[in-house]
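Notes to accompany the following structure.
The values are calculated or read from the model by the stated rules, or taken from the named source; none is laboratory data. Given the structure is predicted, the values throughout are model-derived calculations rather than measurements. Please note: Cβ atoms are built from the backbone with ideal geometry, for glycine as well, and neighbour counts cover all protein chains shown. Quick note on the areas: whole protein, heavy atoms, side chains included, nothing else; ligands and nucleic acids left out. Shrake-Rupley method; radii C 1.70, N 1.55, O 1.52, S 1.80 Å.
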Amino acid sequence: MAVAVDLPRLELDRPFTYRLPEDRAPGTGLLVSVPFHGRTVHGWVLGPTDDVPARILPVRRVLSAIPLFDERSLALYRWMSERYVVPLSLVIRRAHPPRVATEETGEPVIRAAVPSFAAPAVLPGYDGGGELLDACRNGGGTFVVRPLPDDEAAACVEAVGACLAGGRDAVVVVPEAVPVPATARAVVDAGGDAALLYVSGEKRERYRRWLEVAAGRYRIVVGTRPAVFAPVRSLGLVWINRDAHPAHREERAPRHHAREVAVARARMEGAVCVLAGLAPGPEAAALADDGVATMVRPSRQRERGAAPLVETVPPAEEDRSPRLASLLGSARGAFLLLSRRGYGVARRCRVCGSPVRCTVCAGPVAVRKGRVACVVCATEATCPECGSTSFGVERGGTERLEEWARQLTRVAVTRVDTGEDATPPAEGTVVVGTAAAVKDFGPRRVPFVAVLDADRARRRAGLDAPSQALATWMEAAAWAGPRRDGGRVLVHTREPSDPAIQALVRWEPWLLHRAERRRRQEAGFPPGFPLFRVTGRQGLAEQLSSLEPAHLLTSALGDETVCLVTLRPDDTARFRDRVVAWAEEGLVTKVEAEPQL
């Protein structure tokens, strides 16, 4: 039997052959312990193999009572290993929760009956909506859905219902677990006993629920990023909610994005993949523009009718403006969005005039909750030159804004700095918050929404900063409601003609995505093109250049060479084979897929 040993090193990324007891064959997906170079390691059985050496060692122990994956899942894991250039064993380890042996009781599981869905019929009124519903019932393909703000949960429930009506199972992936998104809650409520909310819980419970999904207990799985691997029996639909949200990307190796995995899995299993959001991400937009995905959206007239009135004004000091003061003073409630937490940023030492940076990690220093500390490592701030703790502070942030807002309005003011404390906006309250406060609360209304540092937010580090900023702005702006009902959004910007700002004003995210696609193509990082950071010895750049990548940047870091490599989508298999060979030779020491640039 071929076994993937649990030693996540590229130079060892190949199957090894062991003898499995005949009563456990073919054994695909079983967790085993095997001898490996004088020690015992874990591994996973990949199935029979024709690569049989003269001497075969036996598997020492079969650890799992049931398989942890099947042939369908293994095909997805192999694709991920190739796409993200990581050992197959690492992908397998990440794809299911930690094993708890006592939960493998083998008790019979009864498959839940198909619930009777009573979802509002919203998708038939969308361009492409009928095609999506037909595919959910008995078909496949990739779709990009831009729902009206009040239709976000209903559209998902309707698609899931169509999928179950066709006799197949559905997976819904949401970006966050706390608070439980309104879309997730709506699907679970509609699914009843057939739906599993897979978002939290201790290790034992998560493994038990995962086993129940594999056994066919649930027809619908709703969860955060790990749910994209949910081992449902007959996959018909994978719905990625708010696909532009950064939480859909895994920060650990293999650093996959739920969107990419969902598209690949749906293609392999003949299912439907939906990428949904009020402002779909640039990769989703590129799929639609290239004809790879079908666009599903209401008419432009209906979209504009659901949009708020968006007004732009230049900011004054501390992200304020006279217009903001006027609107806030008369509003019965508001949501004020700012990208900076705290009371201000420490800029210079008052004693010696030196610029202020953290003495430990060189990070920026901010004033938060009365404490002057590094925003990266939380070290108490001292001047790196003279040791002083007295600093000149550039005031501005959620704490300072909250203080100022209390002076302008009689409405209660609350501040939200973390996602766990997120408060639904409503009349009678002014909420001051960062992007962490913008959650899927479902249809909400607040008289006034303000984006107070749009220029700073869209210029933050990262290729996706403008598109992620736009997605956050649109999700927050939707709370103001349609302009016909008085919905108003104020945006502070000194560049109102910027594509991100205009996309918000016109309520049309494609204005930004097409501009960003041109910008990223010119920079060598087009949306949808695999990107890698490869570190190795001298000569690495020449070897990578021989592969004729779409783009290659090279720099030196001490004795090492660091390369940024952009590949054409069809080149990942060849690239992976060469990188693994170079890792065996010692030329490559580290590979990172999709680094955060």
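Under a 1.4 Å probe, what is the accessible area of the range 444-597 per residue, stated in Å²?
For the range 444-597, the per-residue accessible area is 44 Å².
Between GLU11 and ARG24, what length comes free when the chain is fully extended (0.36 nm per residue of separation minus the Cα-Cα distance, one decimal in nm)?
1.8 nm
What is the Cα coordinate range of the range 41-162 on the first, second and third principal axes, sorted by size from largest, in whole angstrom?
Answer, in whole Å and largest first: 65, 37, 24 Å.
Please work out the Cα center distance from the range 342-389 to the range 500-515, rounded to the nearest Å.
So the two Cα centres are separated by 37 Å.
What net charge is computed for the residues neighbouring ARG460, neighbours being all others with C-beta under 11 Å from the C-beta of ARG460, Lys and Arg scored +1, Asp and Glu -1?
Surrounding charge for ARG460 is +1.
At what distance in angstrom do the alpha carbon centres of the range 437-499 and the range 199-232 lie from each other?
Taking the Cα centre of the range 199-232 as reference, the centre of the range 437-499 is 34 Å away.
Dipole magnitude of the range 263-342 about its Cα centre, charges +1 at Lys/Arg Cβ and -1 at Asp/Glu Cβ only, in debye to the nearest 20?
300 debye
Size of the dipole of the chain about the Cα centre, Lys and Arg at +1 and Asp and Glu at -1 on the beta carbon, nothing else charged, in debye to 20?
Around 1040 debye, computed over the chain.
Specify which residue in the list ALA362, LEU211, VAL91 is farthest towards the positive end of the charge dipole of the chain, using unit charges on the beta carbon of Lys, Arg (+1) and Asp, Glu (-1), about the Cα centre.
ALA362
I'd like to know which of ALA266, SER497, TRP582 lies farthest towards the positive end of the charge dipole of the chain, counting +1 on Cβ of Lys and Arg and -1 on Cβ of Asp and Glu.
About the Cα centre, the residue reaching furthest to the positive side is SER497.
Given 4 °C and 1.567 mPa s, how large is the Stokes-Einstein diffusion coefficient of the range 164-315 in µm²/s, with Rh as the Kirkwood radius over Cα pairs?
77 µm²/s
Hey, could you get me the Stokes-Einstein D for the chain, Kirkwood radius over alpha-carbon pairs, 20 °C and 1.002 mPa s, rounded to whole µm² s⁻¹?
So the translational diffusion coefficient is about 81 µm²/s.
Rounded to the nearest angstrom and ordered from largest down, what semi-axes does the equivalent ellipsoid of the range 89-230 get from its C-alpha gyration tensor (root of 5λ)?
Ellipsoid half-lengths, sorted descending, are 28, 16, 14 Å.
For the modelled label position 7 Å from the Cα of ILE56 along Cα-to-Cβ, which residues of the range 9-39 have backbone nitrogen atoms closer than 17 Å?
15-30, 32-36
Once you have the Cα-Cα distance between ARG111 and VAL376, take 0.36 nm times their residue separation minus that, and quote the gain in nm to one decimal.
Fully extending the segment from ARG111 to VAL376 adds 90.6 nm.
Determine the share of the range 494-597's accessible area contributed by carbon and sulfur atoms, expressed in whole percent, with a 1.4 angstrom probe.
After summing per-atom areas, the C and S share lands at 46 percent.
What is the gain in length, in nm to one decimal, between ARG460 and ASP134 on full extension, counting 0.36 nm per residue of separation less the C-alpha to C-alpha distance?
Length gained, ARG460 through ASP134: 113.2 nm.
Between ASP127 and ARG406, what FRET efficiency follows from the Cβ-Cβ distance if R0 is 35 Å, with the result rounded to 0.05?
Plugging the Cβ-Cβ distance into 1/(1 + (r/R0)^6) gives 0.15.
Compute, for the range 322-453, the length of the dipole vector about the Cα centre, with Cβ point charges of +1 (Lys, Arg) and -1 (Asp, Glu) only. Units Debye, rounded to 20.
In total the dipole reaches around 300 debye.
Plugging the Kirkwood radius over Cα pairs into Stokes-Einstein for the range 249-306, at a temperature of 20 °C and a viscosity of 1.002 mPa s, what D comes out in µm²/s?
D, rounded to a whole number, is 163 µm²/s.
Need the C-alpha centroid separation for the range 537-597 versus the range 253-320, integer Å.
For the range 537-597 versus the range 253-320, the Cα centre distance is 30 Å.
What ³J(HN,Hα) values, in whole Hz, does the Karplus curve 6.51 cos²θ - 1.76 cosθ + 1.60 give for the range 425-440 when θ = phi - 60°, with x put for Gly and Pro?
So the J values, rounded to whole Hz, are x, 6, 4, x, 9, 9, 9, 9, x, 8, 4, 5, 8, 8, 10, 7.
Please give the direction-averaged projected area of the C-alpha convex hull for the range 288-433, in square nanometres with one decimal.
Seen from a random direction, the Cα hull of the range 288-433 projects 13.5 nm² on average.
Local charge sum around LEU235 (other residues, Cβ-Cβ under 10 Å, Lys/Arg +1, Asp/Glu -1)?
+2
Which Cα, out of GLY305, VAL45, THR382, lies furthest along the positive dipole direction of the chain (beta carbon charges, K/R +1, D/E -1)?
With unit charges placed on the Cβ atoms, the residue in question is THR382.
Highest mean first, what order results for 579-591, 553-565 on Cβ atoms within 10 Å?
The most tightly packed comes first, giving 579-591, 553-565.
List the pair-distance distribution P(r) of the range 551-590, using every Cα-Cα distance, as the percent of pairs falling in each 10 Å bin from 0 up to the bin containing the longest distance, rounded to whole percents.
That works out to 26, 52, 21, 1, in percent per bin.
Less than 11 Å Cβ to Cβ from ASP290, Lys/Arg counted +1 and Asp/Glu -1: what total charge do the surrounding residues give?
-1
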